[in-house]
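The values are calculated or read from the model by the stated rules, or taken from the named source; none is laboratory data. Since the structure is predicted, the reported quantities are computational estimates derived from the model, not experimental observations. Cβ placement follows ideal geometry from the backbone for every residue including glycine, while neighbour counts extend to all protein chains displayed. In case anyone asks, the SASA skips ligands and DNA or RNA and just uses the protein heavy atoms, side chains included. Shrake-Rupley method; radii C 1.70, N 1.55, O 1.52, S 1.80 Å.
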Amino acid sequence: MAAIALPNTFSGTRSVFRVCPVTTFKVDLAAERLIIVNAVTAIVALLLGGIYALLIGLTRWPDVHLLSAPWFYRLLTAHGMNMLVFWMVFFEVAGLYFGGNALLNARLVGVKLAWVAYALMLGGAILVNVIIMMGRADVMFSAYPPLKADPLFYVGYILFAVGAILACCIFLATLVMAKVEGRYEGSMPLAVFGLLTAAIIALFTLLSGAVALIPTLLWSLGIGNVDPGAYRVTFWGFGHSAQQVNLSAMIAIWYTLATLTVGAKPVNEKLSRFAFFLYILFINLGSMHHLLTDPGLGTAAKFFNTSYAMYLAVLGSLIHAFSIPAAIETAMRKKGYNKGLFGWLLNAPWKEPGFSALMFSLFIFGFIGGPTGVVLGAGQLSLLAHNTWRITGHFHATVVGGTTLAFMGFAYYVLPLVFRRPLFAKKIAQWQPWVYGIGLIILSISMTLAGTLGAPRRHWDVTFSNVTIPVQVQPLMNLMLTFSGIGAVIAATGGAMFIIVAVGSLLFSPKRDPKALSPLEA
Amino acid sequence: MAIYPPERIWWKPLGREERLWVTVAALWCFFMFFMLIGWYFLGAQNLPTRAQRITTAQYKSLADQFVEANKVGEENGVPIVHPQPGTDIYLVAKQWQWTPILELENNKTYTLHVSSLDVQHGLSIQPINLNLQIFPGYDYMITITPNKAGNYSLWCNEFCSIGHHLMTGKIVVK
Ligand code: HEM
Ligand SMILES: [Cu+2]
Ligand SMILES: [Cu+2]
């Protein structure tokens, strides 16, 4: 297997490529190194966030009630940051470099800048983690003013966002250059189109985050003031839109996994691309549903956002919900699995972790996360759910059972390709999506039910011992909290299994055929 | 093959099943859209949308006056008030107490004002599970008509610093 060096059109430099023996894609080695460091950093964040998940999960299990109140709130803040922000975004940046370079046989534009982006993100992430652990930012990832954190917390957050903006720009430049240099024929692959959707939404998202956090940083230094309502508008312009980035990336990965595992082909490229396009246009309006119960927004704003345009983004999701299973079915039937209505599903490669991760992700997102989200976006229902554990139940079925699990499935393919090592402990990998998926189904459903009974989110003591005015708690709530504790333990086990496979592949798997793969320097 | 460029001409017409699905999905989305507009008029309980800016000092003094004028007792140091039906009533959110305890009359309408004296809080009224975000600097005005007598527990469901789980309160409907 040879590596090749291709001259770059607009600069005197040369990029060194290798040809992947498995996929035959030409991979820019500079991009490959960045994919590896971003993915590995993401997995470290997932490990930290996962340890905290177990600890806070065990604290909210009433009979266990593990942590003290300060540590519960501290680790909950750290869980939110490491999972929702650092794990997701580092992995997405790795995904962007993979899609923009490997899938297009293209070279990475601005290699040095890409390292600067990584350094900014890493520095920001470390700073945030350190400040939280020092107990100087017990404010949750949403950091609503006037609750104040150490200025360095906001600095870290902003550095991370700036790095991520830079990475998105590099991805966009890479796409443009790939087109200009003719690295691929015709239109870009659907998966890359999905990643492009994610990157476009990400730019808006991260800018909104900067608009929220920069004045807050200044305020924490004693300069000016921050309006709590304006902060929430801009913060959720970041916080929720980031979920649309995750969504688009996840769907791009769904299509990719369907291709890799059963050879599925998008049923209709036009329709799938149109559905992504709907996201770009409409999905950001979804951010407003975080604000439905806020004071300060008028009737018109609440009215518009509870209904109208959100459904056009939902239409996009409904299209993908058809296209992906249909593509899988068509591919399976083509292979001859034609028996009955569901013969194709029963005979699918369920032992393949990429496939079971895809199916669990589709199921959990499609039947729990997505629908609960649409329901919660309705104003009158938001009133019944705002800040209860129903919300936490909802997003553990979207961003965890959906996105994180899809990313894990994707990692089972990408890590061996970029590490150039076989997957470690295949048996563990085989069961991992099942354990993680089932744990999350239990966790998110019981969180949802507890929330329906009033269980508050971000809360250390739902038995309300020690309060001045005693309150009544619905008896069933305790049972639901117990179930969620059990779900958390199962899900955390699944998370640990993923970490073992991923880290083990890097550390313990033998490098594949090193001689054949050594790049030919040009 | 989602990871390879598609064939040169990929803007093909939709197949029969696809057309059917997209039509059904789009109709459903439109139905939901009109449903939600309709519900805004049909629903008995809507999102409150009235609020005005107020300084925390102003709000505190309004609430203090309200408590002084209507106080009928105390529970564990928290004042209990019994305001006249039809009037403006004040609930204060502060670290870490909802105060005062409100005694309301069944089937009477009040304008409930809620605001915070420090950070953001989450007003959670149980067991009916009504939840609102409360800011400092904003006087949230909510028209309420209690329609069932009993004790309603209040707690806080927005993280409001380390004593968040200690923050409770009460509304009594008689
Ligand atoms: C092993 C898997 C996981 C378990 C058992 C778990 C469990 C929990 C628990 C118990 C809470 C506390 C909720 C509360 O007290 O209000 C929580 C909050 C949260 N989790 Fe997870 N989680 C897991 C994975 C993830 C992942 C992968 C993500 C993101 C990608 C995530 C994102 C969040 C967020 C954003 C919060 C809210 C934090 C806040 O309210 O500030 N979780 N999780
Ligand atoms: Cu509070
Ligand atoms: Cu609170």
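What are the ³J(HN,Hα) values, in whole Hz, obtained from phi via the Karplus relation 6.51 cos²θ - 1.76 cosθ + 1.60 with θ = phi - 60°, for each residue of the stretch B:129-144 in sequence order, with x given for Gly and Pro?
So the Karplus estimates, Gly and Pro as x, are 6, 9, 9, 9, 7, 10, 10, x, x, 10, 8, 7, 10, 10, 7, 10 Hz.
As I understand it, the value is the acute angle between the Cα axis of helix B:56-70 and the longest principal axis of the Cα atoms of chain B; what does it come to in degrees, rounded to 10?
50
How large is ³J(HN,Hα) for each residue in the stretch B:97-105, as worked out from phi by the Karplus curve 6.51 cos²θ - 1.76 cosθ + 1.60 (θ = phi - 60°), to whole Hz, x for Gly and Pro?
7, 8, 9, x, 7, 9, 9, 10, 9
Cα gyration tensor of the stretch B:49-173, axes a ≥ b ≥ c as square roots of the eigenvalues: rounded (a/c below 1.5), prolate (a/b > b/c) or oblate?
Taking the square roots of the gyration eigenvalues as a ≥ b ≥ c, the stretch B:49-173 is rounded.
How would A:Phe277, A:Phe367, A:Phe498 line up by accessible area, probe 1.4 Å, largest first?
Putting A:Phe277, A:Phe367, A:Phe498 in descending order of accessible area: A:Phe367, A:Phe277, A:Phe498.
Rounded to the nearest 20 Debye, what is the dipole magnitude of the protein assembly as shown about its Cα centre when Lys and Arg each give +1 and Asp and Glu each give -1 at the C-beta?
Using Cβ point charges on Lys, Arg, Asp and Glu, the protein assembly as shown gives about 2040 debye.
If you rank A:Met447, A:Met133 by how much accessible surface each has, with a 1.4 Å probe, what is the order from largest down?
Details: A:Met447 15, A:Met133 65 Å².
Of A:Met447, A:Met133, the descending order of accessible area is A:Met133, A:Met447.
Suppose every Lys and Arg Cβ carries +1 and every Asp and Glu Cβ carries -1, with no other charges. What dipole size does the stretch B:49-173 come out with about its Cα centre, to the nearest 20 debye?
With Lys and Arg at +1 and Asp and Glu at -1, about 220 debye.
To the nearest 20 debye, what charge dipole does the stretch A:188-347 have about its Cα centre, counting +1 at the Cβ of each Lys and Arg and -1 at the Cβ of each Asp and Glu?
Approximately 680 debye in magnitude.
Angle check, please: helix B:16-42 long axis (alpha carbons) against the longest principal axis of chain B (alpha carbons), in degrees 0 to 90, nearest 10.
Here the helix axis deviates by roughly 20 degrees.
Quick one: grab Rg to one decimal and Dmax as a whole number for the stretch A:399-522, Cα atoms only, in Å.
In Å, with Rg to one decimal and Dmax whole: 21.2, 76.
So for A:Val111, A:Val93, what's the accessible-area order with a 1.4 Å probe, most first?
The ordering from most to least exposed comes out as A:Val111, A:Val93.
Could you list, bin by bin from short to long, the percent of Cα-Cα pairs of the stretch A:357-438 in 5 Å steps?
3, 16, 21, 18, 13, 11, 8, 5, 4, 2, 0
Leaving out ligands, DNA and RNA, what percent of the accessible area of the protein assembly as shown is carbon and sulfur, probe 1.4 Å?
C and S atoms contribute 69 percent here.
Taking only the alpha-carbon positions of chain A and ignoring solvent, what does the Debye formula give for the base-10 log of I(q)/I(0) at q = 0.05 Å⁻¹?
So the normalised log intensities work out to -0.19.
Would you mind calculating the relative contact order of chain A from Cα pairs under 8 angstrom and at least 6 residues apart, reporting the percent as a whole number? All intermediate terms of the calculation are to be shown ahead of the outcome.
Values: 877 pairs, mean separation 86.2, N = 522.
Reported as a whole number, the value is 17 percent.
What pairs from B:Lys60/B:Lys148; A:Lys265/A:Lys339; A:Lys302/B:Lys148; A:Lys427/A:Lys511; A:Lys302/B:Lys94 go past 23 Å between their alpha carbons? Mind showing how you got there, number by number?
Values: B:Lys60/B:Lys148 29 Å; A:Lys265/A:Lys339 21 Å; A:Lys302/B:Lys148 28 Å; A:Lys427/A:Lys511 19 Å; A:Lys302/B:Lys94 26 Å.
Beyond 23 Å between Cα atoms: B:Lys60/B:Lys148; A:Lys302/B:Lys148; A:Lys302/B:Lys94.
If amide hydrogens are placed 1.01 Å from N in the peptide plane, which non-local residues have theirs closer than 5 Å to the one on A:Ser15?
Sorted by chain and number, the residues that satisfy this are A:Leu6, A:Asn8.
Please list the non-local residues whose amide H lies under 5 Å from the amide H of B:Val119, H modeled 1.01 Å from N, same-chain partners needing a gap of 5 or more.
B:Gln95
Could you report the stretch B:49-173's accessible area per residue, 1.4 Å probe, as an integer in Å²? Spell out each step's value before the answer.
Numbers: 4630 Å² over 125 residues.
Here the residues of the stretch B:49-173 average 37 Å² of exposed surface.
Kyte-Doolittle cut-off 0.5, length cut-off 30 Å along the helix's own axis using Cα: show which whole DSSP H helices in chain A pass. Intermediate results must be reported in sequence, preceding the final value.
Details: long enough: A:29-60 (45 Å, 1.76); A:111-133 (33 Å, 2.00); A:151-180 (44 Å, 2.13); A:190-220 (44 Å, 2.11); A:241-262 (31 Å, 0.98); A:310-334 (36 Å, 0.96); A:426-452 (40 Å, 0.74); A:476-507 (46 Å, 1.92).
Result, helices passing both filters: A:29-60, A:111-133, A:151-180, A:190-220, A:241-262, A:310-334, A:426-452, A:476-507.
When all alpha-carbon pairs of the stretch A:145-290 are counted, what percent fall beyond 25 Å?
Working: 4186 of 10585 pairs.
The answer is 40 percent, as a whole percent.
Among A:Ala117, B:Thr99, A:Val211, whose Cα sits farthest toward the positive end of the charge dipole of the protein assembly as shown (+1 at Cβ of Lys/Arg, -1 at Cβ of Asp/Glu, about the Cα centre)?
Of the listed residues, the answer is A:Ala117.
Hey, which aspartates and glutamates would be in cross-link range of B:Lys174, C-alpha to C-alpha under 13 Å, not counting anything within fewer than 8 residues on its own chain?
Partners within reach: B:Glu103, B:Glu105.
Relative contact order for the stretch B:49-173: what percent, with Cα pairs under 8 Å and sequence separation of 6 or more?
27
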